[in-house]
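One structure is given below, encoded as structure tokens.
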Amino acid sequence: MSDRCENALLPEHLVQDAAAGRSLSRSRLTRRSFLAAAAASALPAMSRPAGAKARRVPFGGAIQIEYLDSDPAYSRAFLQHCDIILPMNELKFSSLRPTREDFNFAPADRLVDLALSNGKRSRGHTHVWWNALPDWLQSIGSAMEAERELVRHIETVMDRYRGRLESWDVVNEVIAHVPTRDEPLRDTYWLRTMGARHIPVAFEAAQRADPSARLILNDYDLEFSGDRYDARRAIALSLVRQLQDAGIRIDGVGIQAHLYADLKIDVEAVARFGADLKALGLSLIVTELDVIDWNIRGGPEEQDAAALVVVGDLLDGIFAAGPPDAVIAWGITDRYSWIPDVMPRRDGTPSRPLPLDADYRPKPWFDLIEARLSQGV
């Protein structure tokens, strides 16, 4: 791993360029150019011969173990509507590691087995996250010891699911919520203990542990219009470039897509972001789609109409650079979502964040997703 990737944070001009709305892609031939070309050669072709049948972009959902037995309709909905079914929380650090020596794989195993035994695909979420860290880990103050534990964790978990999980959110929510020139990365245990090098360390360990898995940098607020969102997109691109400059493989960027129904999607900026990633040999994946409608006045009809607009705009931006790897919702039914607890509607009426309502009926914006994904690659 190069000292440049180990120590660098973000060149100031990248944030300034993003705020000015300029494209961040580079045209000169560099070592990165050859890395990008090599990565692109391993990807499926984006074009298809005339007359060839379109290949559907996969749709997925994140499932939770606690509802599997109490609500039989819950698992049936995933099996009916999803191509990809992934554990929402069961592969996070604190879920897997109640103690330093013990790995609890049983809940995640059950969910992965549910997917694969029914002909579905699955993926991993997540190795490095600022949240969901056990107390025993956060008591480690040595950078060397923290690195050993991080590498051990990634290698143990990915070895167990080698060849079964097609991709991993290796690093999740590493960009500062409101980034600045001096502090572009989120203040986390990993950053305080290991510095920015925890990012390449994690990607290197993941690549060694399962070379077949696609390795993803995952983050939120990459789709809206405004200077803060421009800066976050610029930081994501800078992190990708720094990894590539160090010869470390990264295959894609995940846009979480927790969409605020009252915020404007910057369709052109998302399209530029996707094009810049594609030029580097990477693809986009929508990883945690849902709709936060707490500021939308009215009932279900108004909520769904607002969701239809924001989801449609997101898909327009995402597809502009070519179809994504997948579009994945953060759940499947309004009956079970984090949003009513964290961001409840101000008028006290039910939120409508997910593709199916609380009675498992598809919404108009889910019909839009299905139609768009069926256009294929």
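Throughout, read-outs are computed from the coordinates displayed, never taken from laboratory work. Here the structure is a predicted model, which is why all the values come from computation and not from measurement. We place every Cβ from the backbone using ideal geometry, glycine too, and count neighbours over all the protein chains shown.
Computed on segment 257-322, with alpha-carbon pairs under 8 angstrom and 6+ residues apart, the relative contact order is 54 percent. Net charge dipole, the chain: roughly 1320 debye, given to the nearest 20, about the Cα centre with Cβ charges of +1 for Lys and Arg and -1 for Asp and Glu. Here the label points at ARG110 and TRP338, each 7 Å from Cα along the C-beta direction, are separated by 2.1 nm in the simple model.
Taking each residue as 0.36 nm, the span from GLU301 to ALA358 lengthens on full extension beyond its C-alpha to C-alpha distance by 19.1 nm.
The ARG56 and VAL309 beta-carbon pair, evaluated with R₀ = 25 Å, returns a calculated FRET efficiency of approximately 0.60. Listed by chain and number, the aspartates and glutamates whose alpha-carbon sits under 19 Å from that of LYS264, ignoring those within fewer than 8 places in the same chain, are ASP219, ASP221, GLU223, ASP227, ASP230, GLU288, ASP290, ASP293, GLU302, ASP304, ASP313, ASP316. Candidate values (i) 24.9; (ii) 18.7; (iii) 20.0 were compared with mean projected area of the Cα convex hull in nm² computed on the shown model; the agreeing label is (ii). Placing unit charges on each Cβ (+1 for Lys and Arg, -1 for Asp and Glu) gives the chain a dipole about its Cα centre, and among VAL57, MET194, TYR67 the Cα reaching farthest toward its positive end belongs to VAL57. Taking every DSSP helix (H) stretch of at least 4 residues in the chain, weighting each as -39,500 (n - 2.57) and dividing the sum by the residue count yields a mean residue ellipticity at 222 nm of -12500 deg cm²/dmol.
Close amide H pairs (under 5 Å, H built 1.01 Å from N) link ALA329 with GLY60, GLY61, ALA62, LEU289, residues at least 5 positions away or on another chain.
Once both labels are positioned 7 Å from their Cα atoms along Cα-to-Cβ, the gap between SER212 and ARG162 label points is 1.0 nm.
Computed from the Cβ-Cβ distance with R0 of 35 Å, the FRET efficiency linking MET144 to ALA275 stands at 0.30.
A Cβ-based charge dipole, computed about the Cα centre of segment 81-166 with Lys and Arg at +1 and Asp and Glu at -1, lands at about 260 debye. A crude spin-label estimate for the pair TRP130 and GLU268, with each label 7 Å from Cα along the Cβ direction, gives 3.1 nm. Under the membrane-span-like helix rule (DSSP H runs whose alpha carbons stretch at least 24 Å along the helix axis, mean Kyte-Doolittle hydropathy 0.0 or higher), the chain yields 300-319. For TRP294, TRP130, TRP190, TRP168, the sequence from fewest to most other C-beta atoms within 10 Å is TRP130, TRP294, TRP190, TRP168. The relative contact order of segment 150-244 comes to 39 percent, based on Cα pairs under 8 Å that sit 6 or more residues apart. Would you please give the FRET efficiency between ARG346 and ASN118, computed as 1/(1 + (r/R0)^6) with r the Cβ-Cβ distance and R0 = 35 Å, to the nearest 0.05? Using R0 = 35 Å, I get an efficiency of 0.30.
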